[in-house]
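Undergrad: Sharing a structure here in C-alpha cells format.
What follows is calculated from the coordinates using simple rules that are stated; it is not laboratory data. Computed from a predicted model, the values in this text were never measured in an experiment. No Cβ is skipped: glycine too gets one built from the backbone with ideal geometry, and neighbour counts run over all protein chains shown.
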Amino acid sequence: NAGVMQNPRHLVRRRGQEARLRCSPMKGHSHVYWYRQLPEEGLKFMVYLQKENIIDESGMPKERFSAEFPKEGPSILRIQQVVRGDSAAYFCASSQMRDTNYGYTFGSGTRLTVV
Amino acid sequence: AQTVTQSQPEMSVQEAETVTLSCTYDTSESDYYLFWYKQPPSRQMILVIRQEAYKQQNATENRFSVNFQKAAKSFSLKISDSQLGDAAMYFCAYRISTSGTYKYIFGTGTRLKVLA
C-alpha cells in the first residue's frame, strides 16, 4: 500500500498564477482532508471531501481556493491568482471511514512558494 | 472554542536520556481523542500515540508514553531512551467533531533536538 501520495512535492508559482495540488488517498480510502501549515505554525483544517462531494469547507478561504475529489482520479486543491501569503505546506490526509479514532494517514505535503 | 497550546517552541535532550513535551488544551467536551504527531525534516506527519479521554490509563507505545491529566487538560509526551532519529517537530492535536466532520486542532509544535 503506497500510502497517501501528494504531488508535486515542491511548487513554485509567480503571483497571479494558478496552483494545482494533487492528492491520491490510500487504496480503499474515500475520505480526504486538506490542511495548511503556515511557517512556524501547526496544521489548520481547510476542507473535507468524499468522492464527488464537498462535506465541510469551513476552513477554506472564501475566494480563490477550491477543492474537488472526482469519482476517478486524485483530489485536487486549486488556488487561483496566488499571492505571497499562500506560501505554505499543504497536506492531504485520508481515511477509510468518516469517523476514525485512529488518526488520519497524512501525505508528505506540497510546499508552495509564491514569488 | 477548542484550543491546543504547546508552550515549548524547542527542547533538547541528550541521546539515551528522557524528555517530556508539554501540551494543554481547552474543551468543554467530556469524550474526545488526543494525538501526538511527529514531523521529521521529510515533512511526513507520523502518528506517534493517541489517547482516548474516557480511558484512565495513559497510552504507551514502546519508548513513547503520555501523561494524561484530564482535569488539568494536560497531555504531555514522554520519550524515553531518546535516539537521534527522534529529532523532529512534535505536534499535539485534539480531535473535534463539528456538524458531522471530524477534524484536528493542532498546536504550534515543539522542535526536539537530540544531542549525541
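Undergrad: Restricting things to Cα coordinates, could you compute the convex hull volume per residue of chain B in Å³?
TA: 99
Undergrad: Out of all DSSP beta bridges with both ends in chain A, state the antiparallel percent to the nearest 5.
TA: DSSP beta bridges in chain A are roughly 90 percent antiparallel.
Undergrad: Find which of A:Cys92, A:Ala19, A:Val32 sits farthest along the positive direction of the dipole of chain A, computed with +1 on the beta-carbon of Lys and Arg, -1 on that of Asp and Glu, about the Cα centre.
TA: Value computed over the given set: A:Ala19.
Undergrad: Please turn the phi angles of segment B:99-116 into ³J(HN,Hα) values with the Karplus equation 6.51 cos²θ - 1.76 cosθ + 1.60 (θ = phi - 60°), one per residue in order, whole Hz, x for glycine and proline.
TA: In residue order, the calculated couplings are 6, x, 9, 9, 9, 10, 9, 9, x, 7, x, 10, 8, 9, 10, 10, 9, 6 Hz.
Undergrad: To continue, here is another question. Comparing B:Ser99, B:Ser30, B:Ser80, which has the greatest mean-square fluctuation in the GNM of chain B with Cα pairs linked when under 10 Å apart?
TA: Among B:Ser99, B:Ser30, B:Ser80, the largest GNM mean-square fluctuation belongs to B:Ser99.
Undergrad: Given points 7 Å out from each Cα along the Cα-Cβ axis, report the B:Arg63 to A:Arg9 separation in nanometres with one decimal.
TA: 2.5
Undergrad: Would you tell me the mean number of C-beta atoms belonging to other protein chains that fall within 10 Å of each C-beta in B:86-99, as a whole number?
TA: The shielding value for this peptide is 2.
Undergrad: Another question, then. Could you give the nm distance between label points at B:Ser30 and A:Arg111, where each point is 7 Å from its Cα heading toward the beta carbon?
TA: Once both label points are built, they end up 4.6 nm from each other.
Undergrad: Lys/Arg Cβ at +1, Asp/Glu Cβ at -1, dipole of chain B taken about the Cα centre: which of B:Ser76, B:Ile105, B:Ala53 is farthest positive-ward?
TA: B:Ile105
Undergrad: Going by how many other Cβ atoms sit within 10 Å of their own, how do B:Ile105, B:Ile46 line up, fewest first?
TA: Going from sparsest to densest Cβ surroundings: B:Ile46, B:Ile105.
Undergrad: Provide the per-residue ³J(HN,Hα) series for segment A:19-34, in order, calculated from phi with Karplus coefficients 6.51, -1.76, 1.60 and θ = phi - 60°, each as a whole number of Hz, with x at glycine and proline positions.
TA: 10, 10, 10, 10, 9, 9, x, 4, 4, x, 8, 10, 10, 10, 10, 10
Undergrad: Continuing with the same structure: Evaluated at 25 °C with a viscosity of 0.890 mPa s, what Stokes-Einstein diffusion coefficient in µm²/s does the protein assembly as shown have when Rh comes from the Kirkwood expression over alpha-carbon pairs?
TA: Answer from the Stokes-Einstein relation: 134 µm²/s.
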